[in-house]
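Encoded as structure tokens, the structure appears first; notes follow it.
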Amino acid sequence: QVHLVESGGGTVQPGGSLRLSCAASRNIFSVYATGWYRQAPGKQRELVATITSGDSTDYVDSVKGRFTISRDNAKSTVYLQMNSLKPEDTAVYYCNVRLTRERLRDISGFGSWGQGTQVTVSS
């Protein structure tokens with residue numbers, strides 16, 4: 001079983017930037033598709049960005065042009081660079097993996113999640 005650890009969250013002002021990291025206990029990202037998710041208080045968890053094993057990326061419309069997902073196989077880490085942050089980006093951010101991007105969209109199908117990392121955008 002793979003253990004994923006999210007980090008890099010914090011509190012920033014609107015317009016600021018953060019880079020989140022998703023570190024895996026073993027090198028899996030060259031095989032699995034990875035998704036970054038977020039859950040704001042009182043809201044359902046949503047899929048924000050994905051990257052496949054072939055480096056194809058996709059984003060939810062609300063973050064397109066502001067967020068960039070990437071990975072470093074040598075470090076077994078997937079990143080989420082977040083720029084031009086808005087208050088509505090405030091949430092706990094999680095990562096998870098599946099064999100395909102399509103299966104990443106089935107949020108209810110995941111058996112476990114990491115602890116996540118809190119992102120707060122506030123003036």
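Brief remarks on what is shown
- Inspection of region 1-9 identifies at least one residue that is free of Cβ contacts under 8 Å to residues at least 12 places away in the same chain, more than 21 Å from Arg101 (Cβ to Cβ) and more than 12 Å from the chain's Cα centre (by Cα).
- Some residue of region 89-101 being within 15 Å of Thr50 (Cβ to Cβ), over 14 Å from the mean Cα position of the chain (by Cα) and not acidic (Asp, Glu): yes
- Selection within region 90-112 - among the hydroxyl-bearing types (Ser, Thr, Tyr) and in contact with a Ser or Thr (Cβ under 7 Å, 6 or more places away or on another chain): Thr90, Tyr93
Taken together, the values in this text are just the output of simple stated rules run on the coordinates, not laboratory data. Quick caveat, the model's predicted, so the values are computed rather than measured. So basically every Cβ, Gly included, is an ideal-geometry build from the backbone, and we count neighbours across all protein chains shown.
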